[in-house]
Amino acid sequence: MALPAAQPAEVLRAYQKDDLYEKQLAGSLARLVPSYHASKAIPISSLLYKSFTTLKDLQTLGEEYSGIVQVDDTYHRLPSFSNRLFSILLSASGEDLTRRLLGHMEKQIVQNSSLKPQAQNVILVILKTLNHVVPQIESIHRALSYINGGPLQIGKTVTGIDYVHVRPAAAAFYAHLRLLGIVTLIHAFISCGQSLYQAKKHMDDMSDFPNEIDSTKSCIACLEEIVQPCVLQCGHLFCMQCCYGALENCPLCRSPFTKNTVVPLMNYRP
């Protein structure tokens, strides 16, 4: 007979306890490493904490406190080693890896000269929108966990890991968690809607640029032949007067830039 599934409040309590211990461990690690490596203390502490507990078939301190245990989708067995390892890696660095992947894709699109400027701009806007939406995906997943139960981390859901009670749970109705889940869900959808609206606005703005202009010979900002060409960090060319003028964002891909990052191309002739 399968054990009863853990209630959302018990899962949340365990998550909060583990998060507290991981942050304490991260603080201790940050004091041992040079300051320029301090930002890496949080993911490393998460990996260490879960490697000495979850990866060794042990409860975390938070799970022991709440009386819950990780199980696979059959609710009869502990998760496999590979599933536990994959969920740990996703929880510790999944969002960072996703952002790095999207950033790498943006650079590849900018450097791809075979794409038409209009197609290039549309793809860049889509990638930047996805980058803004990544945190909201986690918020939506957490809100659904508050409402329906299940793990709070996307990594555990992806690998089919859930929780069961190993001791009697408190007989309480956690209506406040459902309300929190609904509020979190509404907020996440509003944030996603704002990102999609901004993306649509950028695409509409880009459609105002004439397609017949060759951006390698004519400046998109002033629509004149490029004089004293300069290149921005995103790789697009403009006149020196435009770059050092009122522009604060690239007119093609909307990437922000500062005047000290503009590179004049002294010997370049489009």
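When Gly160 is tested against (1) outside any helix (DSSP H, G or I); (2) of a type outside the set (D, E, K, R); (3) at pLDDT below 90, only condition (3) is not met. Quick check on Leu179: is it modelled with pLDDT under 85 and farther than 27 Å from Met105 by Cα? It is false that Leu179 is modelled with pLDDT under 85 and farther than 27 Å from Met105 by Cα.
Filtered by the rule that a residue be aliphatic (A, V, I, L, M), farther than 16 Å from Leu124 by Cα and at pLDDT 80 or above, region 228-252 gives Val231, Leu237, Met240.
If the condition is being closer than 24 Å to Ala199 by Cβ and part of a loop (DSSP other than H, G, I, E, B), then region 222-245 contributes Leu232, Gln233, Cys234, Gly235, His236. When restricted to residues that are more than 27 Å from Thr129 (Cβ to Cβ) and surrounded by fewer than 16 Cβ atoms within 10 Å (Cβ to Cβ), region 80-103 contains 3.
The values are calculated or read from the model by the stated rules, or taken from the named source; none is laboratory data. As the structure is a computational prediction, the values presented were derived from the model and not from experiment. Quick reminder, even Gly has a Cβ in these numbers, built from the backbone with ideal geometry, and neighbours come from all protein chains shown.
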